[in-house]
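The values are calculated or read from the model by the stated rules, or taken from the named source; none is laboratory data. Just so you know, these numbers come straight off a predicted model, no measurement behind them. Here the Cβ positions follow ideal geometry from the backbone for every residue, glycine too, while neighbour counts run over all protein chains shown.
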Amino acid sequence: MPSQVTLAPVTRDNYRAVCRLPTEPGDEKFVAPNAFSLAQAAYEPGCEPFAVMAGDELVGFVMCDRDPKTGDQWICRLMVAAGKRRSGHGRAAMEAVLARYRAQGIEGIYVSFVPENRSAQSLYMALGFADTGKVEDGELVYYCKF
């Protein structure tokens, strides 16, 4: 089990390290580069980017978004750095995200992922997400009701 995983704001002090987080070879087809995500967050008001920390160590990145038209909450990015995958950090990061939005009174949250990303699908299903039957931008859409 990883050390205590927390979500930290992406700030002037850590955004470069977040951008430099490497993906495992082949994973770049599953997740947008963190630099792109941070640029998106700067221009889309509903986006909330977070550094995923295991103790004092930066181990990943997650970004959430609120749809301005529907008000639906989304997890639009999750990446765990190369060498840190399959160590519980991704699950712990997702649990932190779910706890954060549950505490805010959100009724549920959406996530989407590339259909070939079977490890993401397994993780999301284990956390209570269910297939909505929808596909957006070529990605499967799952929902977790709180």
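Working carefully through the options Leu78, Leu58, find the one that is surrounded by 16 or more Cβ atoms within 10 Å (Cβ to Cβ) and under 23 Å from Glu139 (Cβ atoms).
Leu78
Only residues that are small (Gly, Ala, Ser) and in contact (Cβ under 8 Å) with a residue 12 or more places away in the chain: list them for region 62-82, please.
Scanning region 62-82 gives Ala81, Ala82.
Quick one: what pairs do we get from region 34-55, first residue closer than 14 Å to Pro9 by Cβ, second in a helix (DSSP H, G or I) and hydroxyl-bearing (Ser, Thr, Tyr), C-beta under 9 Å, 6+ apart or different chains?
Close Cβ pairs satisfying both conditions: Leu38/Tyr15; Cys47/Ser37; Pro49/Tyr15; Pro49/Ser37; Ala51/Tyr15.
What about Gly133, is it free of Cβ contacts under 8 Å to residues at least 12 places away in the same chain, assigned to a loop (DSSP other than H, G, I, E, B) and under 15 Å from Cys144 (Cα atoms)?
No.
What is the number of the single condition among (1) among the aliphatic types (A, V, I, L, M); (2) under 14 Å from the mean Cα position of the chain (by Cα); (3) closer than 25 Å to Ala42 by Cβ that Ile106 does not meet?
(2)
Those residues that are under 10 Å from the mean Cα position of the chain (by Cα) and small (Gly, Ala, Ser), I need them from region 52-95; list them, please.
Gly60, Gly90, Ala93
Can you find, within region 109-127, the residue that is nearest to Ala32 (Cα to Cα) among those that are assigned to a loop (DSSP other than H, G, I, E, B) and within 15 Å of the chain's Cα centre (by Cα)?
Val114
Those residues that are without any contact (Cβ under 8 Å) to a residue 40 or more places away in the chain and buried (at least 19 other Cβ atoms within 10 Å of the Cβ), I need them from region 85-101; list them, please.
Residues satisfying the conditions are Gly90, Met94.
Do we have Ala41 as aliphatic (A, V, I, L, M), buried (at least 18 other Cβ atoms within 10 Å of the Cβ) and modelled with pLDDT of 95 or more here?
Yes.
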